[in-house]
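Let me begin by presenting the structure, written as structure tokens, before commenting on it.
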Amino acid sequence: MFLLTTLPGWILNLGHRLEVVYRIFHDEPPYFRGFRPILFVFKRGLTAWLAIAIYLAPSATCAFAAWLLWPGPWATTLVVVAVAAFALAVFSLPGGMTFNAAFRDVSYLYRPDKAFRRALEGGRVYLKAWVIGGTAVLLSFLGLAVMGIGFLATSVWAWTVVGYAFSRALALSTRASTDSAD
């Protein structure tokens, strides 16, 4: 229950997902090894969680400022900026997260400009990955119909689909090809 209900548990799960993607990408079975080594997996998840927080911070800051100023003249403008910043962050984040997962390299994760550029380079295939990933995540909620327990299985399936879709969309065939694009 700890893993399902707390921030440390979510961070540990995030690190585990990154490690699974790394092992799949490098063909290092068994892909699912639990949370071992736990400190490494937790650190990996924490690094990614901090990046997510950094990407979303401008949006959250603008939304909070809009809430404070509501119904003032700047509130609507701040809401629009918050929504745009959120959309940009969510669009860009897989560009950095996928590279981080495949190569354990946070340089793209903590450089939103690089992550955004990778996302743009993905073009229509990247947008298809969003459709596939979004559909998988939505379908994963069907697991809630089985008293919530089914969600554990469908969520794992959904995030596996998401990882695969974005990895393929961003063409992570070799480190050299991704580094030469910079």
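The values are calculated or read from the model by the stated rules, or taken from the named source; none is laboratory data. On a predicted model such as this, the values are computed, not experimentally measured, just so you know. Please note: Cβ atoms are built from the backbone with ideal geometry, for glycine as well, and neighbour counts cover all protein chains shown.
Tabulated results
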read-out	value
Qualifying helices (runs of 4 or more DSSP H) (wholly inside region 1-97; at least 2 residues being touching a His at 6+ places or on another chain (Cβ under 8 Å))	38-69
Residue, farthest from Y164 (Cα to Cα), within region 120-142, restricted to residues that are among the small types (G, A, S), modelled with pLDDT of 90 or more and buried (at least 17 other Cβ atoms within 10 Å of the Cβ)	A136
Inter-residue pairs, beta-carbon under 9 Å, first more than 13 Å from P112 (Cβ to Cβ) and in region 44-55, second polar (S, T, N, Q) and in a helix (DSSP H, G or I), 6+ apart	R44/N100; G45/N13; T47/N100; A48/N100
Flag if T47 is surrounded by fewer than 18 Cβ atoms within 10 Å (Cβ to Cβ) and either β-branched (V, I, T) or in contact with a Gly (Cβ under 8 Å, 6 or more places away or on another chain) (or both)	no
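This table checks each residue for (1) among the aromatic types (F, W, Y); (2) modelled with pLDDT of 90 or more.
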site	(1), (2)
F25	yes, no
R44	no, yes
I52	no, yes
A57	no, yes
A63	no, yes
A66	no, yes
L69	no, yes
P73	no, no
V80	no, yes
